[in-house]
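As structure tokens, the structure follows; a few thoughts come after it.
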Amino acid sequence: MPELTIKNLHVSIEDNPILRGLDLKVHQGEVHAIMGPNGTGKSTLANTIMGHPNYEVTEGDILIDGESVLEMAADERSRAGIFLAFQYPVSIPGVTVANFLRTALNSRRRHADPPQEDISVLDFRKLLKSKMDMLEMEYSFGGRYLNEGFSGGEKKRTEVLQLAVLEPAFAILDETDSGLDIDAIRIVSEGVNTLKGPNMGVMVITHYQRILNYIQPDFVHVMYDGRIVESGGHDLALLLENEGYDWVREKYGQPLEA
Ligand code: ADP
Ligand code: MG
């Protein structure tokens with residue numbers, strides 16, 4: 001089964017080491033929750049997997065099915081099946097949600113191996129309708145300009161819709177901590193629960209223990225000071241829910257200076 005493997009990953013931002021030897025394996029079909037206190041490197045991990053140029057991998061590797069993606073640009077990684085939901089999605093006046101999604105899907109299809117033809121307008125309409133029904137979205141939403149005047153919740157729903165249409169092999173949802181209300185968490189969680197299936201591996205990154213009330217991850221990982229220090233299942237989720245992160249700080253000490 002296809003897998004995303006992160007091996008002894010060390011990452012620096014402007015020569016400051018942030019990730020310090022992180023190991024993780026995600027198979028398609030699995031949902032992993034990656035949790036941890038603020039500033040611990042969660043977003044660094046997400047952005048590095050996607051190939052953001054500011055993040056320098058100084059040691060270790062990121063592989064899909066045994067093949068390193070480190071030399072690939074972000075768009076190549078996207079075609080290789082990695083999807084990172086935008087944290088702060090930009091609005092694009094004049095481009096509707098439906099057109100944006102159709103363009104993204106066709107770009108994916110053209111670069112598939114072997115290449116596929118563009119989806120017809122009619123087939124796309126059917127596809128979009130079925131995905132929107134599944135996510136309980138109003139179909140008229142597809143006619144709105146992308147993120148233009150969207151509420152936080154509508155932006156989140158659009159992210160999840162993008163995930164549903166593109167069906168990536170590995171989806172990373174980085175829910176940074178500021179400005180995230182419980183409603184947005186619920187929307188993303190419900191979406192992940194609905195879309196979860198044998199052909200998608202999901203990493204839900206969050207600081208918020210409460211997400212575990214909404215999502216049923218197969219694995220829970222605690223990140224601290226640039227590494228994954230604890231991994232478990234429901235037991236670990238309950239511990240985090242009841243006790244937060246204080247015990248992590250006590251057990252692993254103060255973070256190292258960057
Ligand atoms: P998290 O998502 O877990 O809150 P981040 O990955 O955003 O953590 O940040 C990890 C560390 O990297 C923090 O100490 C933060 O200050 C630092 N950091 C993040 N982005 C930058 C940047 N662009 N330049 C310098 N340091 C950064
Ligand atoms: Mg973050």
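Quick note: the coordinates plus some simple rules give every number you see, no bench work behind them. Everything quoted here is computed from the prediction, not taken from an experiment. Please note: Cβ atoms are built from the backbone with ideal geometry, for glycine as well, and neighbour counts cover all protein chains shown.
Adding -39500 (n - 2.57) for every DSSP H run of four residues or longer, then dividing by how many residues the chain holds, sets the calculated 222 nm ellipticity at -10500 deg cm²/dmol. Antiparallel beta bridges, as assigned by DSSP with both residues in the chain, represent about 60 percent of the total such bridges. Modelled label positions at residue 7 and residue 193, each set 7 Å beyond Cα in the direction of Cβ, lie 3.7 nm from each other. Annotation: region 88-147 has a Kirkwood hydrodynamic radius of 12.3 angstrom, from the mean reciprocal C-alpha pair distance. Each of 195, 9 was scored by other Cβ atoms within 10 Å of its Cβ. Arranged with the fewest first, they read 195, 9.
Comparing region 15-152 with the 2.2 N^0.38 Å rule of thumb, its C-alpha radius of gyration ratio is 1.25 (two decimals). Fewest-first ordering of 156, 196, 129 by other beta carbons within 10 Å of each residue's beta carbon gives 129, 196, 156. For region 140-192, just say rounded, prolate or oblate: build the C-alpha gyration tensor, square-root its eigenvalues into a ≥ b ≥ c, call rounded for a/c under 1.5, and beyond that prolate if a/b exceeds b/c, oblate if not. It is oblate, given that a/c is not under 1.5 and a/b is not larger than b/c. Mean separation of Cα pairs under 8 Å and 6 or more residues apart, divided by the residue count, gives the chain a relative contact order of 29 percent. Is the shape of the chain rounded, prolate or oblate, going by the alpha carbon gyration tensor and its root eigenvalues a ≥ b ≥ c, with a/c under 1.5 for rounded and a/b larger than b/c for prolate? Note, shape of the chain comes out prolate.
Each residue of region 212-219 is assigned a 3J(HN,Hα), and the resulting list reads 5, 6, 10, 10, 10, x, 6, 9 Hz, derived from the Karplus form 6.51 cos²θ - 1.76 cosθ + 1.60 (θ = phi - 60°), x at Gly and Pro. The GNM of the chain, with springs linking C-alpha atoms under 10 angstrom apart, assigns the highest mean-square fluctuation among 190, 167, 136 to 136.
Report the FRET efficiency, 1/(1 + (r/R0)^6), for residue 127 and residue 59, where r is their Cβ-Cβ distance and R0 is 51 Å, rounded to 0.05. Step by step, r from the Cβ atoms, then E = 0.75. Stokes-Einstein diffusion for region 113-224, with the hydrodynamic radius set to the Kirkwood value over Cα pairs and evaluated at 20 °C in a medium of 1.002 mPa s, equals 139 µm²/s.
Using a/c under 1.5 as the rounded threshold, could you call region 38-99 rounded, prolate or oblate? The axes a ≥ b ≥ c are square roots of the C-alpha gyration tensor eigenvalues, and prolate needs a/b larger than b/c, oblate otherwise.
Taking the square roots of the gyration eigenvalues as a ≥ b ≥ c, region 38-99 is oblate.
Of 50, 203, 134, how do they rank once you tally other Cβ atoms within 10 Å and put the fewest first?
134, 50, 203
If you take the Cα centroid of region 89-124 and the Cα centroid of region 208-258, the two points sit 37 Å apart.
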